[in-house]
Each structure stands twice: as C-alpha cells, then as structure tokens.
Amino acid sequence: MRVLAAMSGGVDSAVAAARAVDAGHDVVGVHLALSRMPGTLRTGSRGCCTVEDSNDAWRACDLLGIPYYVWDFSERFKEDVVQDFIDEYAAGRTPNPCMRCNERIKFAALLEKAIALGFDAVCTGHYAKVITDADGNPELHRAADWAKDQSYVLGVLTHEQLKHSMFPLADTPSKAEVRAEAEARGLSVAKKPDSHDICFIPDGDTAGWLAEKIEMTDGEIVDETGATVGGHTGSNQFTVGQRRGLKLGTPAADGKPRFVLEIRPKENKVIVGPHALLAIDAIQGIKVSWAGLPIAEVATGAEFDCYAQVRAHGDPVPARAFVTEETDDGGTRQQLHVTLVEPLRGVAPGQTIVLYQGSRVLGQATIDTARSMARPDLADLP
C-alpha cells in the first residue's frame with residue numbers, strides 16, 4: 001500500500017514508520033506544522049510539534065530512506081482545536097484537545113488530503129489496534145500494552161476513517177520494547193521523553209493561558225446549600241473536581257476540604273462541596289459517533305452492557321447505555337444515556353466518554369450533563 005506516515009518527531013511514530021517500511025509498503029513521512037511561531041521550542045517532555053520535533057522527524061525519515069514533507073495545518077489547528085478549547089472553557093466545560101486534534105486534524109484533514117493524493121492509509125504511532133471482522137468491517141480495539149493504550153483518544157474515529165488507519169505498534173507488549181527497537185535501528189529519538197500536557201500550552205499553566213483569551217470577572221463561590229463561601233476572579237479558570245486554589249474564606253463545617261462540583265459561566269458562579277458529592281453515576285452525551293459500525297442495540301434504542309471511560313488514562317467502569325434520537329431544525333441527532341454501575345468522580349461537561357465492550361471501542365460522546373442519582377440536583381440551588 002501507499003502509506004502516509006504521520007511523523008510527530010517522537011519515538012513511537014518513528015518506529016511505526018520503520019515497521020511500515022519493513023512490511024513492504026511505499027511510505028512517505030509527513031510532519032504537521034501546527035504552530036506558526038517559528039521560535040517554538042520544546043522544554044523537556046512538555047509540548048510537541050516544535051522546531052526540534054520537526055528536525056527529529058526529518059532525521060528519522062532520512063535514516064529510513066523515505067521522502068519527508070512538512071504540511072502546514074496551523075490555521076486548521078487554530079480554528080478546530082485551539083479555538084474550540086477556548087470556546088468550551090468559556091462555556092464552563094472541560095474539553096479534551098487531543099480528541100479534537102485526532103478527530104479534526106490527524107484523521108480528518110490529514111487523511112482527507114492523503115486520500116486525495118492517492119495514499120491508501122495513514123500510519124501513526126498510536127498504541128491501538130484495528131481488527132477486521134468476518135464481513136471486512138474495521139473495529140477499533142485496545143493495544144496489547146494496556147498501560148500505554150491510546151484507544152480512548154482514538155474513540156472519535158469513524159468507520160470510514162478506520163478503514164484507512166494503520167497502527168503498527170498495536171501488538172507491542174511495552175514502550176520499553178519500542179525504545180529498544182529504535183536504538184537498535186539507530187534512531188536518534190530512542191531516548192527522547194514522551195510529550196505530555198497540552199501542546200499549545202507547553203508551560204502547563206492552563207489557567208494563566210486562558211486568562212489571556214477569555215474575559216474574567218469576579219464572582220461568587222457557593223457551597224452545595226447555596227451559601228456564599230468565597231469569591232473568584234473568573235469561573236472559567238476552574239475545573240470540576242478541583243481542590244487546590246479555591247481560597248475559600250469560610251471553612252466547611254466538618255473541617256474537610258471542598259471540591260469544585262459545578263461551574264456556571266452564565267451566572268459566573270462556582271459550586272463547591274464535599275468529596276462525596278463528586279460521585280457521578282448518570283451521564284448524558286451529545287455529538288455521538290461510533291468507531292466502526294455501531295452495534296445492533298444502537299439502531300433499536302435497546303439498553304446494552306458496556307464499560308465507560310472518561311479520561312485517557314482513567315479506569316473503565318461497568319455501565320449500561322442506550323441511545324435516543326432528537327429531531328430539530330438542524331436535523332436528527334443522537335443522544336447517549338449512560339448509567340454507571342460504579343460511580344466516577346470529577347466528571348465534567350465537555351469531557352469525552354468512550355464506551356467499550358471487552359477490548360473493542362464502541363464509540364464516544366461529549367458529556368453534556370453528569371449527575372448523581374443519589375444527591376440533590378445542584379440546579380435547584382438559589
């Protein structure tokens with residue numbers, strides 16, 4: 001096949017490209033320029049898509065003997081990922097920019113361009129697996145190394161995108177083996193640190209970065225009874241589950257810490273309460289998509305057993321789910337309803353919920369509401 005290898009400049013994508021070459025594919029490497037700031041530099045393991053990363057990707061392609069290109073996707077990235085991140089926080093939600101990047105950049109814009117240029121597949125260094133069923137339909141599954149599994153952030157991939165996705169690291173038992181292979185191949189990135197945090201906020205100060213993008217105004221912090229217990233300089237700088245930095249003037253009656261339970265940007269109000277009230281067992285999701293063909297219960301609206309995961313490195317918990325459809329002027333949209341058998345804490349609107357059956361990824365949705373069926377509805381607060 002003609003394969004376009006997405007080269008991030010890290011060890012995983014370099015080894016993935018090398019394996020694609022070894023498999024006999026006609027491979028071309030491409031690095032995505034997602035920022036137009038030429039001075040962007042990498043600091044240790046913070047950030048990605050930097051000048052250093054581009055150079056590392058070029059060196060890997062040179063060693064592998066494959067063509068190398070840099071494609072400028074910075075405007076698309078700014079609009080579809082960075083601005084989406086700002087808009088979601090401004091609305092009081094907690095977005096996952098890596099999901100949006102995979103959905104709209106790496107497996108939408110990149111794949112679209114690759115197919116237009118005659119490539120059969122896009123190859124990345126993600127730890128996940130595509131399995132073809134008896135009828136030739138692709139399914140997305142967890143990687144062999146569950147500790148490094150990245151199927152969660154790929155849960156946004158559609159049936160058509162999975163047909164053109166290649167993950168050569170799928171069956172690799174550990175990251176250590178990937179690094180050892182990179183060193184044996186002479187790849188200079190063999191010991192390069194993994195990137196983490198949000199790539200466009202390399203210093204990790206999300207609140208400080210948002211303060212420059214969103215107008216912040218003073219407001220109240222209230223407890224679960226509606227009593228004012230403190231103040232803030234902008235509700236958008238908080239996230240559900242947050243404990244530190246609340247600076248509450250009134251201590252809790254039991255002396256225990258309080259956590260952010262809810263953010264109301266329209267009222268510029270932050271709701272706090274005890275840790276126990278963070279437990280969530282009912283989730284409603286919007287912007288639903290299915291990784292491959294949806295299971296039969298989706299079409300009938302029947303309830304089905306599954307496992308739900310709400311963070312990239314979170315533990316999946318048993319759940320039951322069903323889908324409904326709503327029709328308005330914009331057309332028909334699906335809504336996902338999930339009841340968690342085991343409650344989760346720190347679940348916030350804007351996060352992504354991904355559903356699994358065994359190792360298979362069924363699909364995902366953006367969390368619209370998250371609540372506890374056992375606690376009073378915070379919406380009833382004065």
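Throughout, read-outs are computed from the coordinates displayed, never taken from laboratory work. Keep in mind the model is a prediction, meaning the values are calculated, not measured. As a convention, Cβ positions derive from the backbone with ideal geometry for all residues, glycine included, and neighbour counts pool all protein chains shown.
Return the sequence-ordered ³J(HN,Hα) values of region 104-109 in whole Hz as given by the Karplus equation 6.51 cos²θ - 1.76 cosθ + 1.60 applied to θ = phi - 60°, using x for Gly and Pro.
These are the phi-based 3J(HN,Hα) values: 9, 10, 5, 10, 10, 4 Hz.
Subtracting the Cα-Cα distance from 0.36 nm times the residue separation, let me have the gained length for D87 to D305 in nm, one decimal.
Details: separation 218, 0.36 × 218 = 78.48 nm, distance 3.35 nm.
The span from D87 to D305 would gain 75.1 nm if fully extended.
Mind checking which of M216, M166, M99 has the largest fluctuation in a GNM of the chain, springs on alpha carbons under 10 Å?
Between M216, M166, M99, it is M216 that shows the largest mean-square fluctuation.
As a check on your grasp of the helix formula, calculate [θ] at 222 nm for the chain: sum -39500 (n - 2.57) over DSSP H runs of n ≥ 4, divide by the residue count, round to the nearest 500. Present the calculation step by step, with values, prior to reporting the outcome.
Values: 10 runs with 76 residues, N = 382.
Here the helix-only value at 222 nm equals -5000 deg cm²/dmol.
Ratio of Rg to Rh for region 111-212, alpha carbon only, Kirkwood? Don't skip to the answer; put the middle values down first.
Working: Rg = 16.7 Å, Rh = 16.0 Å.
That ratio is 1.05, to two decimals.
With only alpha-carbon atoms counted, please give the Rg and Dmax of region 173-219, in Å.
18.6, 57
Taking a temperature of 37 °C and a viscosity of 0.692 mPa s, what whole-number D in µm²/s does Stokes-Einstein yield for region 290-382 with Rh from Kirkwood over alpha carbon pairs?
229
Full extension from K163 to V51: what is 0.36 nm times the residue separation minus their Cα-Cα distance, to one decimal in nm? Let's see the in-between values first.
Values: separation 112, 0.36 × 112 = 40.32 nm, distance 3.17 nm.
Length gained between K163 and V51: 37.2 nm.
Most fluctuating residue of T124, T228, T239 in a GNM of the chain with Cα springs under 10 Å: which is it?
Sorting by GNM fluctuation, first place goes to T228.
Have a look at A14, A180, A114 and tell me which one the Gaussian network model of the chain (Cα, springs below 10 Å) gives the largest fluctuation.
A180
Out of G255, V21, A279, whose Cα points farthest toward the positive end of the dipole of the chain (charges: +1 Lys, Arg; -1 Asp, Glu; placed on Cβ)?
G255
Starting from the Kirkwood radius over alpha-carbon pairs of region 187-285, derive D by Stokes-Einstein at 25 °C in a medium of 0.890 mPa s and give it in µm² s⁻¹.
158
Which value results when the Cα radius of gyration for region 248-300 is divided by 2.2 N^0.38 Å? Walk me through the intermediate numbers first.
On the way: Rg = 18.4 Å, N = 53, 2.2 N^0.38 = 9.9 Å.
Working it through for region 248-300, the quotient is 1.85.
Give me the compactness ratio for region 67-145, meaning the Cα radius of gyration over 2.2 N^0.38 Å. Please report the intermediate quantities before stating the final value.
Details: Rg = 15.6 Å, N = 79, 2.2 N^0.38 = 11.6 Å.
Normalised by 2.2 N^0.38 Å, the Cα Rg of region 67-145 equals 1.35.
Output needed: percent of Cα pairs per 10 Å distance bin for region 236-359, bins running from 0 to the one holding the longest distance.
11, 36, 29, 18, 6, 0
With Cβ to Cβ distances under 12 Å as the rule, what net charge do the other residues near F119 carry (K, R +1; D, E -1)? Before the final figure, lay out each step's value.
Details: positive: R2, K113; negative: D26, E112, D120.
Counting the neighbours of F119, the net charge comes to -1.
D120 to D135: extension gain in nm, 0.36 nm per residue of separation minus the Cα-Cα distance? Each step should come with its number before you reach the end.
Numbers: separation 15, 0.36 × 15 = 5.40 nm, distance 1.97 nm.
So the chain would gain 3.4 nm between D120 and D135.
Return the tail of the calculated pair distribution for the chain, meaning the percent of Cα-Cα pairs more than 27 Å apart. Present the calculation step by step, with values, prior to reporting the outcome.
Working: 38470 of 72771 pairs.
Tail of the P(r) past 27 Å holds 53 percent of the pairs.
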